[in-house]
Amino acid sequence: MKISGNKKKLFEKVFETIQDNDNFLIVTHDFPDGDCLGSQVALYELLRTMGKNVRMLCSDEIPYQYKFLPGINEIKKDLDAIIPGPKKKDYVCFCLDSSDEGRFETGMNMLMQIAKTIINIDHHPGNTGYGDINIIFPQKSATAEILYEFMDHHFRKYLNYNIALGIYTGILTDTGKFQYENTTHNVHNIISHLLELGVVPSDVFSFIYENEPFNRFKLLELVLKRIKMIWPKKLIYSYVLRDDFKKLSVPFSANDGVIDLLRSASEARVAALFKEVGYKKYKVSLRSSKNGCRVDEIASKFGGGGHKQAAAYSCEGNLKELISDLVRVID
């Protein structure tokens, strides 16, 4: 794969950093998804295969849909569990798929205690460029796509099935099963190579999308009962509460994919799912159809971000008022 211009210079910097260091920490955002986790385990496998000392950190629960990923059990929630005792600036820290420092529950101040270099790799257009090295390409379908290009260019001999499985998972999920408009010819070229490395698409699909606990359908039933349509704004929305997860004994990740079901309504231009994550605290997922609103612009009004057709933000307050706030900003 040909790499040129600014991308080539950035990749060279990361390559040199990997060659010159032995200790690495790979961090990704809270409420992890397929792209951040797939990218994390793929990079972990590369560095581990090279004989590096590498650790992975994610402060949130790992969704059951991604427990099949190789090395996933090596991801720890607590930095002290990974690096006990006094902290020294001995680690190169990769921050993956995270547009700003607020995406990490661990906190950038704590990471700075151990990180002598922070490498920020992401595909979100609103990335704040918080790293010492920032590799940000919003035109790419997924952070996993960027990682593949880097690995293919500098470490092709190390590419193996475990790396391919992580990269495939990241691209599959962030392209909406290859249905979003970010599914380019480059994506399919990459996928072709990943299949050559042993990835079986039907197996991955089954692990992620055909592996639901029965009570997940009870959760879906609740969400569907609460659906509302704001016709003047062509907004379809629903919500899910902490008590729902507790009563049904399902993890928070059981809501994955629900927003895409709302998005499929032909009359709607915007779909929203309000997910309670704390007392009067909500994470709001937004989706739109190809001809719908730019939901990244909507999310940005609430301090969030994302992509044209998929975005999110966090907010606090009374649910009814938060819904009204969203309705108000939709043009």
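Quick notes
- Sulfur and carbon atoms: percent of accessible area, the range 187-325 [1.4 Å]: 51
- Sequence-distant contacts, meaning Cα pairs under 8 Å at least 6 residues apart, place the relative contact order of the range 150-283 at 19 percent.
- Rounded to 5, the percent of DSSP beta bridges in the chain classed as antiparallel: 40
- When each of K9/K140; K13/K157; K116/K301 is checked by Cα-Cα distance, pairs over 24 Å: K116/K301
- Estimated vicinal HN-Hα couplings, Hz - the range 232-243 in sequence order (Karplus 6.51, -1.76, 1.60; Gly, Pro = x): x, 9, 6, 9, 10, 8, 7, 8, 9, 10, 4, 4
- Computed with a 1.4 Å probe on the full set of protein chains, the accessible area for M56 sits at about 0 Å².
- Bridge type composition, the range 214-290 - antiparallel percent by DSSP, nearest 5: 65
- Accessible surface for K116 stands near 110 Å², nearest 10, in the context of the full protein assembly shown (1.4 Å probe).
- Per principal axis, descending, Cα span of the range 250-331 in whole Å: 35, 29, 21
- Mean separation of Cα contacts under 8 Å (6+ apart) over length of the range 33-139, as relative contact order %: 21
- Relative contact order %, the range 119-226, counting alpha carbon pairs below 8 Å whose residues are six or more apart: 21
- Cα centroid separation - the range 6-66 against the range 93-133, whole Å: 12
- Distant alpha-carbon pairs in the range 191-331 (separation over 28 angstrom), percent: 24
- Averaging Cα coordinates gives a centre for the range 216-241 and one for the range 247-312; these two points are 11 Å apart.
- Shape call, the range 1-140: gyration tensor on alpha carbons, a/c limit 1.5: rounded
- Placing D296, D33, D203 in order of accessible area, with the largest value first and a 1.4 Å probe, yields D203, D33, D296.
- Calculated [222 nm] ellipticity per residue, helices only, for the chain: -11500 deg cm²/dmol; basis is -39500 (n - 2.57) per DSSP H run with n ≥ 4, divided by all residues, nearest 500.
- A quarter of the convex hull surface defined by the alpha-carbon atoms of the range 187-257 gives 7.2 nm² as the mean projection.
- Over the chain, accessible surface divided per residue gives 46 Å², non-protein components excluded, 1.4 Å probe.
- Whether the range 89-153 is rounded, prolate or oblate, judged on the alpha carbon gyration tensor where a/c under 1.5 counts as rounded: oblate
- Rg and Dmax of the chain, Cα atoms only, in Å: 19.7, 58
The values are calculated or read from the model by the stated rules, or taken from the named source; none is laboratory data. What you see is a predicted model; the values in this text were computed from it and never measured. The area values use the complete protein model at the heavy-atom level, side chains included, leaving out ligands, DNA and RNA. Shrake-Rupley method; radii C 1.70, N 1.55, O 1.52, S 1.80 Å.
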